[in-house]
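Below is one structure, written out as structure tokens; the observations come after it.
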Amino acid sequence: MSDRDPTHHHLDAKRLLCPMPVIKTQNKIKTLEPGDTLEVISTDPGVKQDIPAWCRINGHSVISVVEEDNEYIIKIEVGSS
Amino acid sequence: MTIQRKAIALLSGGLDSLLAVRVIQEQGILVEAVNFYTGFCVEGHTHAIRKKHKDKNKRNNALWSAEQLGIKLHIEDISEEYKDIVINPKHGYGANLNPCLDCKIFMVSKAQLMLNRARELVDQSGFDFIITGEVVGQRPKSQRKETMPIIARESGSDDLLVRPLCAKNLPPTRPEREGWLDRDKLYGFSGRNRKPQMALAEQFGFEDYAQPAGGCCFLTDENYSKKLSDLWQSRGERKYELDDIMLLKVGRHLRPEPNYKMIVGREEGENNFLTGYRKEFISIKITSHGGPLTLIDGAPTEADLLFAARIAARYSQGHSADTVSVEIRAKNGVCTEHNVIPFPPQDVKAEWHI
Ligand code: SF4
């Protein structure tokens, strides 16, 4: 682990249909470091399943999934794999 | 010490690629997968849009497969580059606008690029070969005995391309010759019979896997292909944007005149989806009754718009009323109100439906 402080990021994936929000999340996470967090906002309910599944496969943790006014906000902590 | 061999798999989310990976894992090979997003994938979209599908399982089958297999999956958006495959397939189309052979060559060549790229990176252990779930004779266009070597050759992967489910019907590949894989433990499936795959799935304990009918994308669908041909014909050129091909999946499509097309929402979810396009298209909303949102694509005249409004009214709850109020909204947001007589259902010509 590096001694840098984790950084926090946002990703607007509104109006995109699955799997585009997953692809955007994947590409964003590639640029982040373990321990960083990413908050993805999407309007496609499919992300409730797809983003956690993608995270499980690739070793990242989903911290929370919140549904608000037809928007889905998923917070992810980047894993080290 | 034996070297840990690694393979990259094309994972579509269907049963065949799921089995192909498991067969290779059984031989102690480490597998990672890639899935390509072309814009035409059946996954997700229509379920996400249509309200009546709200309760359906919206899982992405490629992700589901990767999770079952315990492997990493990279999803790549190839929708821009893929346009050229759909518009100009060197090997032509299948029964509809599905350019399966070119599509497969393209996807395998993409995997080959990943294999080459990983080799160049010092910190990556790299991949040794590529696997796909293809089965000889399964698809009339792309999965024939004659096309298998074409895919291997034109993708540049040559004998590093392994099809674990039908390997015994094909010449040994390098991973088999070098002893990385035991050819005896690969399979010799062929033809359209799905029973051997289902039996193997049972043997591996896979349940609830996806069995897409026809193919893995909308281009194998006759109705969808008709709409895409109509789009090209009406625009006078074979081109499309991602929004165009999304909209072909939504609503009723009617072309009463060559110069314009109507996209009529069939239910609330579709109406909501179409509402998001009101800045790009002229739209018609029924204001006096419950009814669809309609987008107009093309260059309609004033008279065309009033005619289209009557057709839209036919699909509203006011279809039997004497008149129905509609709002016609220009792309810049300027709205005009009109009262129209709903079109009699029997007069909506069958040939208008695309
Ligand atoms: S069905 Fe679609 S995705 Fe599958 S090989 Fe054919 S063109 Fe490609």
- line: If N is the residue count of chain B, its Cα Rg over 2.2 N^0.38 Å rounds to 1.19
- line: When the charge dipole of the protein assembly as shown is computed with +1 on Lys and Arg Cβ and -1 on Asp and Glu Cβ about the Cα centre, the Cα farthest towards its positive end, among B:24, B:94, A:17, belongs to B:94
message: I need the phi-derived Karplus couplings for the stretch B:127-136: 6.51 cos²θ - 1.76 cosθ + 1.60, θ = phi - 60°, integer Hz, Gly and Pro marked x.
response: 10, 9, 7, 10, 10, 10, x, 4, 10, 4
message: One quarter of the convex hull surface, Cα atoms only: what value does that give for chain A in nm²?
response: 4.8
task: Pull up the DSSP beta bridges for the stretch A:8-77 and report the antiparallel fraction as a percent, rounded to 5.
output: 70
message: Connecting C-alpha atoms closer than 10 Å in a GNM of chain B, tell me which of B:287, B:301, B:38 has the biggest fluctuation.
response: B:301
Dimensionless Rg/Rh of the stretch B:67-164 - Kirkwood Rh, Rg from C-alpha atoms: 0.99
task: Go through A:75/B:261; B:83/B:331; A:75/B:185; B:104/B:331 and tell me which ones have a Cα-Cα distance over 32 Å in this structure.
output: A:75/B:261; A:75/B:185; B:104/B:331
- prompt: What span do the alpha-carbon atoms of the protein assembly as shown cover on each of the three principal axes, reported in whole Å from largest to smallest?
  reply: 84, 57, 37
statement: Sequence order, the stretch B:26-40: Karplus ³J(HN,Hα) from phi using 6.51 cos²θ - 1.76 cosθ + 1.60, θ = phi - 60°, Hz rounded, Gly and Pro as x, gives 4, 9, x, 8, 7, 10, 10, 10, 10, 10, 9, 9, 9, x, 9
task: Please figure out what share of the DSSP beta bridges in the protein assembly as shown is antiparallel and state it in percent, rounded to the nearest 5.
output: 65
statement: Residues whose built amide H sits under 5 Å from the amide H of residue B:77, excluding neighbours closer than 5 in sequence, are B:37
- prompt: In whole Hz, what ³J(HN,Hα) sequence does the stretch A:40-54 give by Karplus (6.51, -1.76, 1.60; θ = phi - 60°), x for Gly and Pro?
  reply: 9, 10, 9, 10, 8, x, x, 5, 4, 9, 5, 5, x, 5, 4
query: Suppose every K and R has +1 on its Cβ and every D and E has -1 on its Cβ; what is the size of the dipole of the stretch A:8-77 about the Cα centre, in Debye to the nearest 20?
result: 280
- request: Evaluate 2.2 N^0.38 Å with N set to the residue count of the stretch B:277-354, then give the Cα radius of gyration divided by it.
  value: 1.03
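Each value in this text was obtained by applying a stated rule to the coordinates, not by laboratory testing. Please read these numbers as outputs of a predicted model, since none were measured by experiment. Using ideal geometry, Cβ is built from the backbone for each residue, glycine included, and neighbour counts are taken over all protein chains shown.
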